[in-house]
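Asks: Handing you a structure now.
Every number in this text was worked out from the coordinates using simple rules, so none of it is lab data. Keep in mind that what you see is a predicted model, and the values were worked out from it rather than measured. Glycine gets a Cβ as well: all are built from the backbone with ideal geometry, and neighbour counts include every protein chain shown.
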Amino acid sequence: MRKRILDKSQELFFRYGVKAVTMDDIARELGISKKTIYQHFEDKDAIVLAGVADHFDEERCQSEALQAQAPDPIAEVVMASEQMRQMLTGMNPTMIFDLKRYYPQAWTLFTEFKNGFILETIRVNLKKGIELGLYRKDLNVEVLARLRNEQVELGFDPQIYPPQKFNMLDVQMALLDHFLRGVVTDEGLKLYENYLENQLSMTVS
């Protein structure tokens, strides 16, 4: 039951935003009473926090599997972008803003994951790409890893990219494409464009 509550809650949060979903909504969608929910979670904040933690555990596993399967660092980025595409499809753009403004514990978890695991993943990718001659040798890895890390959150900022004017997925894909084209060598660019042209598709098991 706990997993059912978390899964349904995350589905609703992604669709409508976190703030807009109530405990009544969750109970109604599951066909259970609020009392049943409270047997597993103290309140909505606890559901949000547990949901964020579960999501990051899953994202960590997917990322590690992707790193193991990708034939090269550029393929890893392209494959990760496909994962992002799937995740963002149908996601309400207010979700990240809601976490930041109304759920400080969940936002702290988000920040720790972003500045820990995600940042290190970007560093490793850049270093590997340089070693293989796919990324430029003159790159400042630490500066660019932090830049890329912040770009993702920047793309969710409704003050910079108002959802009524910008599609969140298009923004993220444009930022990623711009970043990658700035770090690749001529060889890396050919490989990247080949992946795009042939619509590289790999599943992570």
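Asks: Which net charge results when you count Lys and Arg as +1 and Asp and Glu as -1 among the other residues whose beta-carbon is under 14 Å from that of Asp177? Show your work: numbers first, answer last.
Replies: On the way: positive: Arg85, Arg148, Arg181; negative: Glu82, Asp170, Glu193, Glu197.
With Lys, Arg at +1 and Asp, Glu at -1, the neighbours total -1.
Asks: Let me ask you something else. Out of residues 5 or more away from Tyr135 or on other chains, whose amide H comes under 5 Å of its own, with H placed 1.01 Å from N in the peptide plane?
Replies: Placed amide hydrogens put Ile130, Thr185 under 5 Å from Tyr135.
Asks: So, in nm, how far is label Gln62 from label Asp43 when the simple model puts each one 7 Å beyond its Cα toward the Cβ?
Replies: 3.1
Asks: For the range 1-120, what is the relative contact order in percent, using Cα pairs closer than 8 Å and at least 6 residues apart in sequence? List each step's numbers first, then the result.
Replies: On the way: 77 pairs, mean separation 43.1, N = 120.
Averaging sequence separation for qualifying contacts and normalising by length gives 36 percent for the range 1-120.
Asks: Each residue of the range 153-161 in turn: what ³J(HN,Hα) in whole Hz from Karplus with 6.51, -1.76, 1.60 and θ = phi - 60°, glycine and Pro shown as x?
Replies: 5, 4, x, 8, 6, x, 6, 8, 10
Asks: Give, in nm to one decimal, the length gained when the segment between Met173 and Glu29 is fully stretched (0.36 nm per residue of separation minus the Cα-Cα distance).
Replies: 48.6 nm
Asks: Determine one quarter of the surface area of the Cα convex hull of the range 59-197, which equals its mean projected area, and express it in nm² to one decimal.
Replies: Details: hull surface 34.8 nm².
If you wrap the Cα atoms of the range 59-197 in a convex hull and average its projections, you get 8.7 nm².
Asks: Can you classify the range 11-139 as rounded, prolate or oblate using the Cα gyration tensor, where a ≥ b ≥ c are the square roots of its eigenvalues, rounded means a/c under 1.5, and otherwise it's prolate if a/b beats b/c and oblate if not?
Replies: It is prolate, given that a/c is not under 1.5 and a/b is the larger ratio.
Asks: Let me ask something additional. Could you run the Karplus curve 6.51 cos²θ - 1.76 cosθ + 1.60 with θ = phi - 60° over the range 140-152 and give me ³J(HN,Hα) per residue in whole Hz, x for Gly and Pro?
Replies: Listing the rounded values in order: 8, 4, 5, 5, 6, 4, 5, 4, 4, 4, 6, 4, 4 Hz.
Asks: Same structure again: In nm, to one decimal, how far is the Thr36 label point from the Asn198 one, both placed 7 Å along Cα→Cβ?
Replies: In this crude spin-label approximation the distance works out to 5.0 nm.
Asks: Relative contact order for the chain: what is it in percent, counting Cα pairs under 8 Å that are at least 6 residues apart? Mind dumping the intermediate values first?
Replies: Details: 165 pairs, mean separation 49.7, N = 205.
Relative contact order for the chain comes out at 24 percent.
Asks: Separate question: Work out the FRET efficiency for Arg2 and Thr89 from their Cβ-Cβ distance, taking R0 = 22 Å, and round it to the nearest 0.05.
Replies: 0.25
Asks: How much length is gained if the chain between Leu132 and Lys19 is pulled fully straight, taking 0.36 nm per residue apart and subtracting their Cα-Cα distance, in nm to one decimal? All intermediate terms of the calculation are to be shown ahead of the outcome.
Replies: Details: separation 113, 0.36 × 113 = 40.68 nm, distance 4.54 nm.
Residue separation times 0.36 nm, minus the Cα-Cα distance, leaves 36.1 nm.
Asks: How large is the direction-averaged shadow of the alpha-carbon convex hull of the range 145-187, in nm²? It would help to have the intermediate numbers written out before the result.
Replies: Details: hull surface 13.3 nm².
In nm², the orientation-averaged hull projection of the range 145-187 is 3.3.
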